[in-house]
Amino acid sequence: MTATDEAGSPISGAVEALLLMATEPVPATELAEAVDAPVAEVEECLAELAGFYDRTGRGFELRRVGNGWRYYTRDEHADVIGRWLLEGQRGTLSQAALETLAVVAYLQPISRGRVSAVRGVNVDGVMRTLATRDLIEEVGRDGETGARLFGTTTHFLERMGMTSLDQLPPLAPHLPDASALEAELASLADSGLRDAAPVPTAEVAE
């Protein structure tokens, strides 16, 4: 039996999909607008999904945080996740991590939401990996939205063999479309980091 079957709501699948893509807690009102359903129905669906995850012992849970909802890993799995993040991953960065790091490097300071928009995918896990490896860090808050802004670290410069961001290879003078920009950023990051030695590990799902 699926979560949708258990919850008994025709909107459960759509709500789950939206929450999986969320970079910040999502208010029920926004979810209701997205799935074209009454807010009360969405709130009931969220409560049913949260209860289903609890009853079936999933490794994640659906929490209400402030005015929004978001998925989180369960506290009892923190040790396992921590070991995996800090010890169990390969020394080299994945292609997704390289591309995300390049976006941060060239467009910093930048919010996680904007990085997701540039790459066209959710980057929460990748951003946490980069932060764990001391390649990016929080550098402030957006004055209008309050979103956290990220930039590269001094360790990133050391890994790239540079003393300042001014030494980053220049991009094309006229920015190409999103897909071409992503490819160019990935290529630049790939050449600088793919063959680097493993980063000494020193973080988990928000």
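Just so you know, all these numbers are worked out from the coordinates, no wet-lab data involved. Note that this is a predicted model, so its numbers are computed, not measured. Cβ coordinates were reconstructed from backbone atoms using ideal geometry, including for glycine residues, and neighbour counts include every protein chain displayed.
Once the other residues with Cβ under 13 Å from the Cβ of residue 21 are scored (Lys, Arg +1; Asp, Glu -1), what is the net sum?
That sum, taken over residues with Cβ under 13 Å, equals -1.
Applying a 10 Å radius around every beta-carbon, put 138-151, 157-170 in order of their mean neighbour count, most first.
Most protected by this proxy first, the peptides run 138-151, 157-170.
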